[in-house]
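Asks: Here you go, one structure.
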Amino acid sequence: MEILHYEFMRNALAAAVLVNIACGIVGTYVVIKRMVFISGGISHATFGGIGLGYFLGINPILAAIPFSILCALGIGIISKRTKVSEDTAIGIFWAVGMALGIIFINLTPGYAPNLFSYLFGNILTIPSFDLIIMLILDAVIIITVVLFHKEFSAMSFDEEFTTVVGVPNRILYLLLLCMIALSVVVMIRIVGIILVIALLTIPAAISRQFTYNITKLMFLSIFVGAVLTVGGLWLSYILNLASGATIILLLGAGFFISLFLKYLISLRRRRSVKTMKSNY
Amino acid sequence: MKDNIVVDLKKVFFYYDRIPVLEDVSISIEQNDFLAIIGPNGGGKTTLLKIILGLLKPDRGEIKVFGMIPDEGRRLIGYLPQYTLYDLNFPINVFDVVIMGRYKGLAKRYKKEDKEAAVEALRTVKMLEFKDRHISMLSGGQMQRVLMARAIVREPKLLLLDEPMASVDPEMQKSFYELLLKLNREMAIVFVTHDIGAISVYVEEVACLNRKLFYHGSKEGSLGKLEEAYRCPIEFIAHGTPHRVLRRHKK
C-alpha cells in the first residue's frame, strides 16, 4: 500500500476510474452499434489535435477536444450525406489527422516533450489538471446519456423504424460520434492514441457476454474496465513494463478468459438440461 | 382530394445510381383497403414502401401521405420491416422493442398509457407471455409477431408490412391473416411479398410490381398480369384448401 503515498500513483488510480466511466458508457454503444472502426478513425485523427496543441503552445489535451469533435462530425457528415462509404471516410480522416499531427510537430521549434505518452499513454505522468478535464468530460457524457439513452439504444437497434416514429437519428448519430470523440480524449493519457480502441471496446465486449440489459452492460463495463486497468497498472509497476501496453494486454487476456467462462457456463447449462431430461 | 385516400403516388420514378428501380408508378390506397403488392425479388417493393415512409426520396413524381408530405404523414403509419435485418444479439427485450412504437419525442419518457398500449399490442399478437424475454430467444415467427406488435402499438391508420409471412409457419399464417382482417376494420393494410402463396383468400386487392406497376385491382383479375410481372408462368391454385388463393367458386 506504500505506493499510494505517491501523488502520481493516486492520480493514476483516479484516472483509471474516470477513464473507465467514459469507456464503459460510450464503449457499450460502440460495441452494440458496431462502431469500432469509426472509433479507431476518430482516435487516430485526434493526433492532429495533439500536434496542434504543441504547435500553438497550449495543453495538447485541450487542443485535442475541438479537433476530435470536428473529425467525428466530418466522418459522420461525409459518410451520411455523400455517396462516399463510411469506411472510406474513416480511412481518409484516420490518415489525414495523423499526417497533420506530424506536420504540426515538425513545424514546432525544438523537440516535442512527452510525445510518446500521447501515442502510447502513460498513466503514471498524469497531472492533476488533466484529471479535472477528465472529470468534466465524464460529466458531459453522463448527462448526455441520461437525457438520450432511450433514443440512442432504439436508434442502435433499428435506424429505419425509429426514423419513421420521429427519432431525430441524424443529429443523434452525430452526437454519439461526438461522445466517442470526447471519450477518446479522456483515454489518450492512459493508453495513448494507438491503443484507445482496445480500452473502448474490450470492457463492453467482455460484459456483453453476461448481460442482455443495456444499463447493466454499462455498469458492468465500467467495473470490469476499472478493475483490469488498475490490475494492469499494478502489473506494470511490479514487472517494470510500459503501463498502457500492460493494461491492454490484461484487457485482452480478460476477454479470452471471459470467452472461455461463457463457454463453460453454456456447457454446464446444457449438461443440467440433459440430467433433467434423464431424471424425467 | 377525396377524404378517404390514404396514400397517393403520382408518376413516381426512383433510381439507384441511374439503375431504374421504379418507373412511372402511380397508385392510390384508400381507407380500409387490404392490398397485397407482389413481384419478384428486386422488383422495387421495399423501395416503394420506403418512399411512402419518406425514408427514400423519389427522383421524380409526387407523393402524398394522408394529404401531407411523407415525413409528416408517416406518423400515422405502422411499419413492419423485414425481420432479417435485425441483430438478434442486440441487448433488448421484447417489451422494449414494442414500446419503441410509442415514441413521442426527445427526452420524453414513456407514460403509463404507453406501457399499457404495449402490453395490449403484445396480447393482440399473442406474445404477452414473452414480454421480458430477450429477442435472441425467439423463433423467427415469434420475432415477426413482436415486430407486428410494435407496428400496431401506435394505433396507425395505415399498416405497411414488408414480407410479413416470411418465417411464419403455415398454421400461424392463418391466425396472422385473421389478425390482419380484424385490424383492417380500423386501418388500411398494405403488404408486399414475393411469395404468391402468401396471398390468401382474405386479400381484397392485388398489385403486381416489377419496376413498373403491371396491375392493380381485384385479385381475380390479376392472373395474366402476374406472369407479365414475373416474366414466367404462374399457377394459381384455385382448388383445394391449403394454398387457396382465389375464393371458392360460387355455384
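Asks: Which entries of B:LYS104/B:LYS126; B:LYS45/B:LYS104; B:LYS11/B:LYS45 have Cα-Cα distances beyond 18 Å here? If you can, show how the numbers build up before the last one.
Replies: Values: B:LYS104/B:LYS126 25 Å; B:LYS45/B:LYS104 29 Å; B:LYS11/B:LYS45 16 Å.
Beyond 18 Å between Cα atoms: B:LYS104/B:LYS126; B:LYS45/B:LYS104.
Asks: Enumerate lysine pairs in segment A:2-279 that are 8 or more residues apart or on different chains, then count those whose Cα atoms are under 24 Å apart.
Replies: Lysine pairs meeting the criterion: 10.
Asks: Run the helix sum for chain A: -39,500 (n - 2.57) per DSSP H stretch of 4+ residues, divided by residue count, reported at 222 nm to the nearest 500 deg cm²/dmol. Walk me through the numbers on the way to the answer.
Replies: Working: 12 runs with 231 residues, N = 280.
Mean residue ellipticity, 222 nm, calculated: -28000 deg cm²/dmol.
Asks: Something else now. Given contacts defined as C-alpha pairs under 8 Å and at least six residues apart, what's the relative contact order of segment A:178-280, whole-number percent? Please report the intermediate quantities before stating the final value.
Replies: On the way: 79 pairs, mean separation 27.8, N = 103.
The normalised contact order for segment A:178-280 reaches 27 percent.
Asks: Tell me, B:GLU72, B:GLU129 in order of fewest to most beta-carbon neighbours within 10 Å? Spell out each step's value before the answer.
Replies: Values: B:GLU72 13, B:GLU129 10.
In increasing order of surrounding Cβ atoms, one gets B:GLU129, B:GLU72.
Values quoted throughout were computed directly from the atomic coordinates according to the rules given, and no laboratory measurement underlies them. In this text the structure is predicted, and so the values were computed from the model without any measurement. Neighbour counts are summed over all protein chains in view; Cβ atoms, including those assigned to glycine, are modelled from backbone coordinates with ideal geometry.
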